[in-house]
Amino acid sequence: MALDLFAGISVSDYAAALPWYERLLGSPPTFIAHETEAVWELAEHRYVYIEQQPEDAGHAQHTIFVDDLDAVVAGITERGLEPAKRETYGNGVRKVTYHDPDGNEIGYGGAPIGQETQEPQETPKRRAILSGSTFEEQIGYARAVVDGDWVHVSGTTGYDYATMTISADVAEQAEQCLRNIEFALTEAGCTFADVVRVRYLLTDRADFEPCWPALRRAFGEVRPAATMLVCGLAEPEMKIEIEVYARRSGA
C-alpha cells in the first residue's frame, strides 16, 4: 500500500509566499491544489504544501533531510535566500534553517561532513572473463561475461589455451571444452550446477554420441535446457563447440 505524506505550511499571504517558496525549493509547484494552495513533490510520495490560512501562519516547523546539504544551500543562496541559522549537532549532523515572511521555520538537514560525499561501493554489474585464448584477442570477445546474476559463456572449443593445441579426438575435445567452461564459471563465482542452458555445435552429427559420457558427467544431475546443432566451425580441426548460460545461485 502506497503512503503519501503531505507536510502543510500555513501562510498569511499566498501570493507573496509563493515566489519565496519557489526560491527555497528550487522550482515552481508540482501542482496547484486550489487558488490559495500550492504543492511541491520533494520525493516519491513526499510532499510539502503552502496554504493561505492567516490564523495559523508562522507556527510550522519542518526539516527536509538531503544527500548533499552544501549543494542545496548553495542553490538556495543563488536564488536570493540566506539561512537564518546554521547548527551542527553533537553527532555531526548539520541543519540550516530558513524563516519565511510569516516566521515559519523550514530547515534542511545533512549528514556529517565527509559522509554525505562518499559514493556507495557497488559490485560491478558487468565484467568480462578472459581465458588467454589468442582467438579472444584476435577477434575481440571474452570467454565469458558476467552481467548481474547471469553468466554468458561464449562458444568454447577443445583447445588447451595454455598451449593453443587441440586433440584430434572429438571426445577429448569435449572434455577440454568443459574444462575451459569450468574455468570461466569458477571465475564468475558459479559451477556447472548453475547452468540453465547449453548449446552444442558439431561439424558431424556422428560425433555427438561419443561426447555423451563427458557431457553427462558435467550436466547429468543439472539437466539444463539443451540444443545440438550441426554446422561448420571456425577452424577445420574443431569438431565440437559448447556454449552455456548460467545464473549464479549465490549472487
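Quick notes on this one:
- Residue count for the range 221-251, restricted to those that are part of a strand (DSSP E or B), loosely packed, with under 14 Cβ neighbours inside 10 Å and among the hydroxyl-bearing types (Ser, Thr, Tyr): 1
- Test: residue in the range 156-163 that is in a loop (DSSP other than H, G, I, E, B) and farther than 26 Å from ARG247 by Cα: yes
- Qualifying residue in the range 203-218 (condition: open to solvent by 40 Å² or more (accessible area, probe 1.4 Å), at pLDDT 95 or above, hydroxyl-bearing (Ser, Thr, Tyr) and part of a loop (DSSP other than H, G, I, E, B)): yes
- Any hit, the range 37-59, residues being under 17 Å from LYS95 (Cβ atoms), touching a Gly at 6+ places or on another chain (Cβ under 9 Å) and either of a type outside the set (Ser, Thr, Tyr) or surrounded by 13 or more Cβ atoms within 10 Å (Cβ to Cβ) (or both): yes
- The residue list PRO83, PRO28 contains one member that is without any contact (Cβ under 8 Å) to a residue 12 or more places away in the chain and part of a loop (DSSP other than H, G, I, E, B), which is PRO28.
- Filtered residues of the range 80-138 (kept if acidic (Asp, Glu), at pLDDT 90 or above and open to solvent by less than 40 Å² (accessible area, probe 1.4 Å)): ASP100, GLU105
- Where a residue in the range 95-106 is farther than 11 Å from ILE50 by Cβ and part of a loop (DSSP other than H, G, I, E, B) and its partner, wherever it lies, is open to solvent by 40 Å² or more (accessible area, probe 1.4 Å) and polar (S, T, N, Q), with Cβ under 9 Å and at least six apart: PRO101/SER12
- The range 67-79, subset part of a loop (DSSP other than H, G, I, E, B) and farther than 24 Å from GLU51 by Cα, residue most open to solvent (accessible area, probe 1.4 Å): ASP67
- Count - residues of the range 139-148 that are surrounded by 15 or more Cβ atoms within 10 Å (Cβ to Cβ) and under 16 Å from the mean Cα position of the chain (by Cα): 1
The values are calculated or read from the model by the stated rules, or taken from the named source; none is laboratory data. Keep in mind it's a predicted model, so treat the numbers as computed, not measured. Heads up, the Cβs are rebuilt from the backbone with ideal geometry, glycines too, and the neighbour counts pull from every protein chain shown. Surface areas here come from the heavy atoms of the whole protein model, side chains and all, with no ligands, DNA or RNA. Shrake-Rupley method; radii C 1.70, N 1.55, O 1.52, S 1.80 Å.
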